[in-house]
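The values are calculated or read from the model by the stated rules, or taken from the named source; none is laboratory data. Given the structure is predicted, the values throughout are model-derived calculations rather than measurements. A quick note on method: Cβ atoms are made from the backbone with ideal geometry, for glycine too, and the neighbour counts reach across all protein chains shown. When the accessible area is computed, the model is the full protein with side chains, heavy atoms only, and any ligands, DNA or RNA have been set aside. Shrake-Rupley method; radii C 1.70, N 1.55, O 1.52, S 1.80 Å.
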Amino acid sequence: MSENAPAWIVLDIEGTTSSTASVHEGLYDYARPRLGPWIEAHRDDPEVAAAVAETGGATTEETVAILHAWMDGDVKATPLKTLQGRIWAAGFAAGELTAHFFDDVPPALRAWHERGVRLAVFSSGSVSGQRPWFRHTPAGDLTPLVERHFDTVNAGPKREPASYARIAEALGAPPGELLFLSDVPAELDAAAAAGWRTIGVRRPGEPSENADFGAHPVVASFEEVK
Ligand SMILES: CSCCC(=O)C(=O)COP(=O)(O)O
Ligand SMILES: [Mg+2]
């Protein structure tokens, strides 16, 4: 990291810190058969009831079919993310799930943190899923490194500049002091439109391998972030 270091680095998860397969095959497949029983068992939980109502399904069966279709199409719908996050948190607590991070990520996060660069996460995955993802990693508990978590509920959609303006305000930092790392060019465009610094993450074998990052600087590993 150069002398012109940002005050904060804000991290995307899927495709950036962690593989897409670990989310789509690991987490999505864990949630899939558990959605129906979870909804039935938590009917009185206001967050669960609100998420279920937002799907528009009339019965649990219909709701689950909608949620499965969203997962099949990788639709980052907020009610799906709320329910998935709660199920994953229970799975991590039960020792049934472990997070995946690319090998370069934990050392980079530790080095940036040590240098005084503050770390936050902005992911479509809900905050309730993000926290255990950073706690239960093969490289140990990374949660002490990450001060703030943002999702589509507390910040907004990832492809809208207003979401990045909201995060800047929450962090109390000028946008030019914020660096966003993501594998999705449209997310970087939104962050840049809000005045943020951006770096595209193009990892071999990930969906972003052939993405057009336009004018955004691009790295293949966090080791290259200077
Ligand atoms: C542990 S959070 C799960 C990640 C997730 O559900 C997701 O959709 C990731 O999207 P991202 O915005 O991080 O690319
Ligand atoms: Mg991503």
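Quick notes
- Percent RCO, i.e. relative contact order, over region 23-93, from Cα pairs under 8 Å lying at least 6 residues apart: 39 percent
- Distance between modelled label sites at Ser221 and Arg43, nm, 7 Å Cα→Cβ extension: 5.3 nm
- Solvent-accessible surface (1.4 angstrom probe) belonging to His24, in square angstrom, nearest 10: 60 Å²
- Volume of the Cα convex hull of region 23-93, divided per residue and given in Å³: 77 Å³
- Sorted on the mean count of surrounding Cβ atoms within 10 Å across their residues, most packed first, peptides 5-14, 49-58 read 5-14, 49-58.
- Between 0 and 90 degrees, the angle of helix 46-55 with respect to the longest Cα principal axis of the chain falls at about 90 degrees.
- For region 208-221, Karplus couplings with θ = phi - 60° (6.51, -1.76, 1.60), whole Hz, Gly/Pro x: 7, 3, 10, 6, 9, 8, x, 8, 6, x, 10, 10, 9, 7
- Qualifying trypsin sites (Lys or Arg not before Pro) in region 105-155, DSSP loop, other Cβ atoms within 10 Å at most 11: Arg115
- Ellipticity at 222 nm from helices only: DSSP H runs of n ≥ 4 in the chain, each -39500 (n - 2.57), divided by the residue count, give -11500 deg cm²/dmol.
- Residue of Trp70, Trp196, Trp88 that the Gaussian network model of the chain assigns the largest fluctuation, springs spanning Cα pairs under 10 Å: Trp70
- Per-residue SASA remark: Ser126, around 10 Å² accessible (1.4 Å probe; ligands, DNA and RNA not included).
- Using the Karplus relation 6.51 cos²θ - 1.76 cosθ + 1.60 with θ = phi - 60°, the per-residue 3J(HN,Hα) values for region 98-109 come to 9, 6, 10, 10, 4, 4, 6, 6, x, x, 5, 4 Hz, with x marking Gly and Pro.
- Candidates Pro79, Pro161, Pro33, ranked by Gaussian network fluctuation over the chain, Cα under 10 Å, top entry: Pro33
- According to the calculation over all Cα-Cα pairs in the chain, the P(r) per 10 Å bin from zero is 8, 34, 36, 18, 4, 0 %.
- Region 155-226: radius of gyration over Cα atoms, expressed as a fraction of 2.2 N^0.38 Å: 1.09
- Computed in the context of the full set of protein chains, the accessible area of the chain at 1.4 Å probe radius has 52% of its extent on carbon or sulfur.
- Solvent-accessible surface of the chain, averaged per residue with a 1.4 angstrom probe and all protein chains in place: 44 square angstrom.
- Taking the longest Cα principal axis of the chain as reference, the axis of helix 60-72 is set at about 30 degrees.
- Helix 78-93 axis, angle to the chain major axis (alpha carbon atoms, nearest 10°): 90 degrees
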